[in-house]
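Novice: Below: one structure in C-alpha cells.
The numbers here are math on the coordinates, done by the rules we state, and not lab data. No experiment lies behind these values; they were computed from the predicted model shown. A quick note on method: Cβ atoms are made from the backbone with ideal geometry, for glycine too, and the neighbour counts reach across all protein chains shown.
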Amino acid sequence: MNLTSFSFPTQTRFGPGALSELPTDLERLKIRRPLVVTDSGLLNTAAYGALAAALGAAEKDKQWWLYSGVHPNPIERDVIEPAALFREQSCDGVIAFGGGSPLDAGKAARILVKRPNFKLADFYSEPDWTGLPPLVCIPTTAGTGSEVGRSSVITLETTQRKAVLFHPELLARLVILDPELTVGLPPKLTAATGADALTHCIESYTCPQFHPMCDGIALEGIHLVIDALPRAYRDGGDIEARGRMLVAAAMGAVAFQKDLGVVHSLAHPLSTLCGLHHGLANALCLVAGMRFCAARKPGLYRRVGIACGLELMRVSDAEADRQTIALIAEFLAGLGLNQRLREHGVRPDQLEALVAQAVDDPCHKTNAVPVAAEDFRQLYLEVI
Ligand SMILES: NC(=O)c1ccc[n+]([C@@H]2O[C@H](COP(=O)([O-])OP(=O)(O)OC[C@H]3O[C@@H](n4cnc5c(N)ncnc54)[C@H](O)[C@@H]3O)[C@@H](O)[C@H]2O)c1
Ligand SMILES: [Zn+2]
C-alpha cells in the first residue's frame, strides 16, 4: 500500500444569509482593503448586490476595490490585471466571488501579487508559495468546488491549454456557501454546473488511488446531486436544494484531490478549442466515458448506482453498470443535457486537435482504466 496524506482544512460558513457575516470575517482575517475579483456577468445580479451591501456595511473604516474582467475559462490576463490593481491600491486580501472562473482567477492573482512579472507557465519551478495574501471564496455557482480546492485552472498564453496550478497555499482562508447567492443562476447554468459537481464525484470515486475518505465524500456528494439538482433546476428559488447543491459541489472538489479521469480529459479541450462551458462539456461526455470504463472494468459503478438510490447488491457487475449508466443518462436528459457536441458548435474537423489535447491532459492518467489516443478518438466520435 502506498503512503498518502489526507487533509480537509478549509473553514466553511454555510447557510442562507451566511454572507451577512462577511464584515466580521474580514475583521478576523485582518483584511481591511479587499479586492473583489469577479466577472462582468455578475455585476447586475442580486448576488453581487448582496456582496456590495455586505461590504458597504463595513465601509466606514474600510475600502474595497473591484476587478470584474474575468473571462469564462480564464486566461492569463484575468490573473495579471487584478494582481496589478491589488498592488496599485495596496490591497490586503482577495474576495473571489462568482463561479469557478472568478474563483480560479482570484486565487491565482495572489501568485502575481507575491511575484510581479512572474510567468504562470513557470509555476512549478517556484517551490515557495507561502505568504500569499489571504483569500475568501464565495461561490455563486454550485459546480466546480474551486472554493475548497488547491488548484486554479488558467489557460496559458504560451500553450493555449488549460494549466492546473496546484499548491496548498492557494487554498482559501474562508469559504462562504450562501445558497441565496445561487438563486438567480439560470436553469441551463444550474444544470451544467451541477453536472460538473456530479462528474467530480463519479470520477474521483472511480479513480483507483487509495483514499477512502474521499470515496465516502464522493458517494454522499452523488446522493446529494441526484436529489437536489433536478429541484434546483426546476425551481431556482428552492433554497434547500440550492444549499445541498453548494455543499455537494464543495464535496466534489474535496473528493477530487484524489483525482479525476477520462471525462475531464475529454472536456478540457472542448473548452479551450471550442469554447464550451466546462460543466456542459463534462455533461455531454459523461455517459460515453462511463460506458468506456465499465466495459473494461465491470462493476466499477455499482456503488455509484447505489448512491443514486438503485438496488444493486444482488445483480451482476455488468447489470449494475448498465442500470447506473442508464440512470445517469436519464438524469442528464431530464436536465436538458443530452445533445450532441455539434449542437454546441463543435465541428468534426476539430476532432484531431481535440484528441491531441485530450491525450496531453493529465486527468486521464488517474482514470479507472488506461486511455489511448484511439480511445479518445472513438469517444469523441460517439458524442460529436
Ligand atoms: N479550480 C478547480 O478546482 C476547478 C474545478 C472545476 C472547474 N474549474 C474551472 O471553473 C470554470 C467554470 O466555472 P463555472 O462552471 O462555475 O462557470 P463560470 O464561472 O465560467 O460562470 C459561468 C457564467 O455564469 C454566470 N454566473 C455565475 N454565477 C451566477 C449567478 N449567481 N447568477 C447569474 N449568473 C451567474 C457568470 O457570470 C458566467 O457568465 C472553468 O474555467 C473550469 O476550468 C476549476
Ligand atoms: Zn470539473
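Novice: Pop out the ³J(HN,Hα) list for region 308-324 in order, Karplus 6.51 cos²θ - 1.76 cosθ + 1.60 with θ = phi - 60°, rounded to Hz; leave Gly and Pro as x.
Specialist: 7, x, 7, 8, 10, 5, 10, 9, 5, 4, 5, 5, 4, 5, 4, 5, 5
Novice: Quick one: of LYS30/LYS258; LYS162/LYS188; LYS162/LYS297, which pairs are farther than 26 Å apart, Cα to Cα? Provide the component values of the computation, followed by the final result.
Specialist: On the way: LYS30/LYS258 33 Å; LYS162/LYS188 24 Å; LYS162/LYS297 29 Å.
Among LYS30/LYS258; LYS162/LYS188; LYS162/LYS297, the Cα-Cα distance tops 26 Å for LYS30/LYS258; LYS162/LYS297.
Novice: Still on this model: ³J(HN,Hα) across region 143-148 via Karplus (A = 6.51, B = -1.76, C = 1.60, θ = phi - 60°), whole Hz, x for Gly/Pro?
Specialist: With coefficients 6.51, -1.76 and 1.60, one gets x, 5, x, 3, 4, 9 Hz.
Novice: Please go through region 291-384 and write out the trypsin sites (Lys or Arg not before Pro) that DSSP classes as loop and that have at most 14 other C-beta atoms within 10 Å.
Specialist: The qualifying sites are ARG314, ARG340.
Novice: Further question: Using only the Cα atoms of the chain, what semi-axes does the equivalent ellipsoid have when each is the square root of 5 times a gyration tensor eigenvalue? Give whole Å, largest first.
Specialist: 34, 23, 19
Novice: Considering only the chain, what is the antiparallel percent among its DSSP beta bridges, to the nearest 5? Mind showing how you got there, number by number?
Specialist: Details: 6 of 24 bridges.
Taking every DSSP beta bridge within the chain, about 25 percent pair in antiparallel fashion.
Novice: Where Lys and Arg each count +1 and Asp and Glu each count -1, what net charge lies around LEU310 among other residues with Cβ under 14 Å from its Cβ?
Specialist: So the environment of LEU310 carries a net charge of -2.
Novice: Roughly speaking, what is the stretch gain from ARG342 to ALA295, that is 0.36 nm per residue apart minus the C-alpha to C-alpha distance, in nm to one decimal? Walk me through the numbers before you get to the answer.
Specialist: Numbers: separation 47, 0.36 × 47 = 16.92 nm, distance 2.55 nm.
Taking ARG342 through ALA295 to full extension adds about 14.4 nm, to one decimal.
Novice: Check TRP65: other-chain or 5+ apart residues with amide H under 5 Å from its amide H, H built from backbone geometry?
Specialist: For TRP65, the qualifying residues are LEU35, VAL36.
Novice: Report the paramagnetic label zone for GLU330: residues of region 218-254 whose backbone N is under 19 Å from a point 7 Å from Cα along the Cα-to-Cβ axis.
Specialist: 222-234
Novice: In whole Å, how far is the Cα centre of region 254-315 from that of region 106-133?
Specialist: Computed from Cα coordinates, the inter-centre distance equals 32 Å.
Novice: May I ask for the net charge around ALA218, where only other residues with Cβ less than 9 Å from the Cβ of ALA218 are counted and Lys, Arg are +1 while Asp, Glu are -1?
Specialist: -2
Novice: Follow-up question, since we're still on this one. Compute the long axis of helix 212-234 from its Cα atoms, compare it with the longest principal axis of the Cα atoms of the chain, and write down the angle in degrees, 0 to 90, nearest 10.
Specialist: Approximately 80 degrees, to the nearest ten.
Novice: Longest exposed-loop-site-free stretch of the chain, with GluC sites (Glu not before Pro), DSSP loop and at most 13 other Cβ within 10 Å?
Specialist: Answer from the scan: 1-156.
Novice: Hey, what angle do you get for helix 100-114 against the long axis of the chain, alpha-carbon based, 0 to 90 degrees rounded to 10?
Specialist: The answer is roughly 50 degrees.
Novice: If I model a spin label at TRP129 and ASP235 as a point 7 Å from the Cα along the Cα→Cβ vector, what separation in nanometres do I get?
Specialist: Between TRP129 and ASP235, the label points sit 4.1 nm apart.
Novice: Let me ask something else. Through the Karplus equation 6.51 cos²θ - 1.76 cosθ + 1.60, θ set to phi - 60°, convert the phi angles of region 294-300 into ³J(HN,Hα) values in whole Hz; use x for Gly and Pro.
Specialist: After applying 6.51 cos²θ - 1.76 cosθ + 1.60, I find 5, 5, 9, 9, x, x, 3 Hz.
Novice: Is any residue of region 240-255 close enough, with backbone N under 20 Å, to a label point placed 7 angstrom from the Cα of PHE210 along the Cα-Cβ axis, and if so, which?
Specialist: Counting only backbone N, you get 255.
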